[in-house]
Every structure is written in structure tokens, then in C-alpha cells.
1. Going by the conditions given, is B:Val32 open to solvent by 60 Å² or more (accessible area, probe 1.4 Å), under 20 Å from the mean Cα position of the chain (by Cα) and within 11 Å of chain A (Cβ to nearest Cβ)?
2. Can we say B:Lys4 is modelled with pLDDT under 85 and within 7 Å of another protein chain (Cβ to nearest Cβ)?
3. B:Asn112 passes all but one of (1) more than 8 Å from chain A (Cβ to nearest Cβ); (2) at pLDDT below 85; (3) closer than 30 Å to B:Phe201 by Cα; (4) touching a helix residue (DSSP H, G or I) at 6+ places or on another chain (Cβ under 7 Å); which number fails?
4. Report yes if B:Ile20 is more than 10 Å from chain A (Cβ to nearest Cβ), in contact with a helix residue (DSSP H, G or I) (Cβ under 6 Å, 6 or more places away or on another chain) and of a type in the set (A, V, I, L, M), otherwise no.
5. Scan region B:35-49 residue by residue and report those that are surrounded by 11 or more Cβ atoms within 10 Å (Cβ to Cβ) and in contact with a Lys or Arg (Cβ under 9 Å, 6 or more places away or on another chain).
6. Looking at B:Leu152, B:Leu203, can you tell me which residue is out of contact with any Lys or Arg (no Cβ under 6 Å at 6 or more places or on another chain) and within 27 Å of B:Thr224 (Cβ to Cβ)?
7. Across region B:70-103, which residue is surrounded by the most Cβ atoms within 10 Å (Cβ to Cβ) among those that are under 23 Å from B:Met227 (Cα atoms), without any contact (Cβ under 8 Å) to a residue 60 or more places away in the chain and polar (S, T, N, Q)?
8. Tell me, yes or no, whether region A:43-50 has at least one residue that is under 30 Å from B:Ala89 (Cα atoms) and either more than 14 Å from every other protein chain (Cβ to nearest Cβ) or open to solvent by less than 60 Å² (accessible area, probe 1.4 Å) (or both).
Amino acid sequence: MFSNLFLAGASEQLALGNMLFLLVSMIVLLLLLKKFAWGPVSKMMQDRADKIAHDLDSAEDARQKAQDLESKRQEQLQSARTDANAIIADAQTAAGLQRDQIVSDANDSAQAMKATATAQIEQERVEAMAGVKNDVAELSITIAQKIIQKELKLEDQKALIDAYVAGLGDK
Amino acid sequence: MDEKTAMFSFAGLTFDWSVIISTTVAMVIVFVLAVWMSRRLELKPKGKQNVLEWIIDFTNGIVDQQAPNSTGRGMKFYIFSLFMFIFVANQLGVAFNVNVGGVTYLRSATANPLVTMTLAMFSIGIAHYLGVQKLGFKNYFKTVYLKPMPFLLPINIIEQFTSFLTLGLRLFGNIFAGEMVLSLIWQLAVSHGIATMVPAFALMLAWQAFSLFIGAIQAFVFTTLTMVYVSEKTEVEE
């Protein structure tokens with residue numbers, strides 16, 4: 001039974017030609033498949049794998065670049081903010097200084113004006129006083145002359161002159 | 001099973017028309033299918049290209065499971081072709097059994113023991129060849145015949161033959177038995193006219209479905225075992 005199965009109907013002779021035929025045709029099939037089907041398809045699959053890998057790489061690259069840009073932008077924003085704060089602080093300081101300066105200048109000039117005014121007033125007062133004194137003296141003299149012209153007599157003045165001369169002698 | 005087949009002799013060798021025709025038809029179908037599916041390839045696959053790539057991914061998976069290395073990469077094409085051929089040849093006999101005047105001309109090529117033994121020889125031969133190529137003859141001999149113990153040499157030699165025999169006969173047995181049952185069901189169908197035709201039709205349907213399944217499984221098993229033998233012989237056990 002087994003030998004009958006094994007030889008599969010080839011009662012006279014083992015069909016070794018079948019083996020040869022299969023071997024040759026198998027090799028031909030392999031060559032044809034490789035050339036017309038396997039080659040192009042596996043190349044395409046490889047291309048796709050490469051493309052996907054490349055795309056993933058470039059996506060990672062782009063992500064990295066975006067992150068760098070983002071952090072740089074953040075940094076710039078931060079420094080801009082710091083700069084702005086510094087500028088504002090400087091401006092405030094400068095404004096404060098200027099204000100103080102202006103106030104003190106104003107004080108000084110007010111002080112000076114006040115002093116000048118005081119001095120001027122004093123001066124004018126003195127001048128006025130002097131003017132008044134002269135006027136009074138002149139007026140007195142004029143009045144005195146008027147009086148003297150009218151009633152001056154030697155006998156009346158004799159005692160006064162004497163008293164004056166005596167006074168000189170005492171000194 | 002004493003089916004008659006048409007034989008002829010050429011250059012001292014006996015040829016068998018049923019095997020030649022069945023093998024050629026299966027190979028033509030494989031080639032035409034593969035070429036048709038690989039026309040107008042695109043980077044973004046659709047339709048038939050997806051099917052072909054799914055098959056390739058499947059057979060590549062068989063290879064990668066056993067030998068995820070450079071040897072495996074070289075085997076991918078052979079495993080793909082072998083799988084396609086065995087699968088198509090297995091299914092051919094489920095659909096067709098061309099019988100003219102008691103002589104079969106077209107059936108599953110893999111229902112012939114010589115065909116399956118030739119395929120097994122091919123696979124085992126490649127495994128041994130790659131073993132020698134990768135490890136060098138000395139290491140190959142040590143790995144294949146002197147492991148795990150040198151005194152197991154005779155058993156290891158016998159094992160090479162048994163793995164070759166089982167690889168071929170497993171495929172042959174499954175497909176041959178499937179066809180045999182199909183022809184028995186056919187004989188039942190025609191034995192008593194319409195009375196047996198109807199139940200036999202249902203039986204035939206069920207058995208053909210099962211045969212499709214078996215054909216796919218056997219193609220998978222054959223290629224997987226081929227890769228097992230290859231990885232066994234190309235990897236030094238630690």
C-alpha cells in the first residue's frame with residue numbers, strides 16, 4: 001500500500017522527471033517573480049519605509065526648530081520686558097531728579113529774588129530816610145532862616161553862643 | 001488510490017502529465033496574480049497593491065519570527081514565492097479535478113508526493129547551504145550534528161532525513177487526503193442519482209470549505225517549518 005501511494009500510480013518507474021521539471025520550473029518561477037513582482041513591490045515598500053522614517057525625522061527636526069524659536073522668542077520677550085522696565089525706572093529716576101532740580105532751582109531763585117528785593121527795599125528805605133533827613137534839615141534850616149531873618153538879634157543869641165563856646169572849652 | 005495518469009518518457013526519465021500541467025498552471029496563476037497585483041505601484045497603496053503587500057507582510061512575518069537577521073532578509077523572497085505557490089497549488093485541486101477518460105490531467109500539484117518531496121528538498125537544501133555559508137563547514141557540522149552532545153551524531157543525521165520526509169509528507173498527506181475525500185464524495189453523489197446528489201452537494205460544500213482552510217494552513221506550516229530549519233542551521237546555539 002505504502003509503495004503504491006508513494007509512487008502515485010507510477011507502477012513501472014518512479015517519475016523522477018517530475019522532480020526535474022518541478023525544480024527547473026520552480027527556479028524559473030522564482031526568477032520571473034523576482035524580476036516582475038517582488039523586486040518592484042519590495043522596492044516600493046522600502047521607499048515607503050524610508051519616506052516615513054525621513055518624514056518622522058524631519059517632523060522631529062521641525063518640532064525642535066519650533067521649540068528653539070519659541071524659547072528664543074520667550075527670551076527676547078523677557079529681555080524686552082526687562083529693558084522696558086529699566087527704561088521706565090530710569091525715566092522715573094531722571095524725572096525725580098529733574099523735579100528735585102527744578103524745585104531747588106525755583107527755591108534758590110525765589111530765595112535770591114527775595115534777598116534782592118529785601119536789599120532793594122532796605123536800600124530804598126535808607127535812601128528815603130537819607131532823603132527825608134536832608135529834606136528835614138533843609139526844611140528846618142529854611143524854617144530856621146525864616147525865623148532868624150525875622151527875629152534874630154545879637155542879644156538874644158549872645159547867651160547861646162557863649163554857652164556853645166563854653167561847651168567847646170570843656171571838651 | 002490507483003488513479004491512472006498519463007506518463008511519457010524523455011531522456012531516460014519518466015514524466016507525468018498531470019504533475020507537469022498542474023505545476024505549470026499553479027505557477028502561471030501565481031505569476032499572473034503577482035504581476036497583475038504589482039502593476040501601477042504607488043507610494044500610497046490602494047486596492048490590489050494592498051493585497052499583495054499584505055501577503056508580503058504576512059510571509060515576511062513568518063521569516064522574522066524565526067530569523068530576524070540578515071539570513072532572514074535573504075529568505076523573504078523565497079518564502080513569499082513558496083507560500084504563494086503551495087497555497088495556489090493546494091486550492092487548485094479543491095476547485096478542479098480534470099479527468100479525461102479515467103486519466104487525471106489537472107489537480108493539486110501538491111497532492112503528488114514527488115512534488116512535495118521536491119519542494120521539501122529545495123527548502124532543506126537551502127537550509128543546509130545557508131548553514132554552511134553562514135557558519136563555515138566546521139561550525140555548521142558542529143551546530144547541526146554534534147549538538148547538544150557529540151554522541152548524538154547518528155540521531156542527528158537521522159533527524160535531518162526525518163525532517164525532510166515529514167516536511168514533504170505532511171503537505172502531501174493533507175492535500176492528497178483532502179482530494180481523496182472529495183473524489184469519494186463525488187462517487188457517492190453519482191451512485192444513486194438525485195437521492196444522493198443533494199446530500200453529497202452539502203457534504204462537498206463543507207469539505208471544500210475545510211480543504212480551503214487546510215490548504216492555507218499547510219502552506220503556512222510548510223513555509224514556517226522551512227524557516228525553522230533555516231534558523232536552526234544558521235544560528236549557533238549558546
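The values are calculated or read from the model by the stated rules, or taken from the named source; none is laboratory data. Computed from a prediction, not measured in an experiment: that's the story for all the values here. For neighbour counting, all protein chains shown are included, and Cβ atoms are generated from backbone atoms with ideal geometry for every residue, glycine included. These area figures cover heavy atoms from the full protein model, side chains too; ligands, DNA and RNA do not enter into them. Shrake-Rupley method; radii C 1.70, N 1.55, O 1.52, S 1.80 Å.
1. Details: open to solvent by 60 Å² or more (accessible area, probe 1.4 Å): yes; under 20 Å from the mean Cα position of the chain (by Cα): yes; within 11 Å of chain A (Cβ to nearest Cβ): yes.
Criteria met by B:Val32.
2. Numbers: modelled with pLDDT under 85: yes; within 7 Å of another protein chain (Cβ to nearest Cβ): yes.
So B:Lys4 fits the description; yes.
3. The failed condition is (1).
4. Values: more than 10 Å from chain A (Cβ to nearest Cβ): no; in contact with a helix residue (DSSP H, G or I) (Cβ under 6 Å, 6 or more places away or on another chain): yes; of a type in the set (A, V, I, L, M): yes.
No, not satisfied.
5. Taking region B:35-49 and keeping what is surrounded by 11 or more Cβ atoms within 10 Å (Cβ to Cβ), we get B:35-39, B:41, B:45, B:48-49.
Passing the criteria: B:Trp36, B:Met37, B:Ser38, B:Arg39, B:Leu41, B:Pro45, B:Lys48, B:Gln49.
6. On the way: B:Leu203 fails: within 27 Å of B:Thr224 (Cβ to Cβ).
It is B:Leu152.
7. Taking the candidates together, the pick is B:Ser81.
8. We begin by selecting, within region A:43-50, every residue under 30 Å from B:Ala89 (Cα atoms); these are A:43-46.
Okay, now just the ones that are also either more than 14 Å from every other protein chain (Cβ to nearest Cβ) or open to solvent by less than 60 Å² (accessible area, probe 1.4 Å) (or both), so A:44-45.
The answer is yes; a qualifying residue exists.
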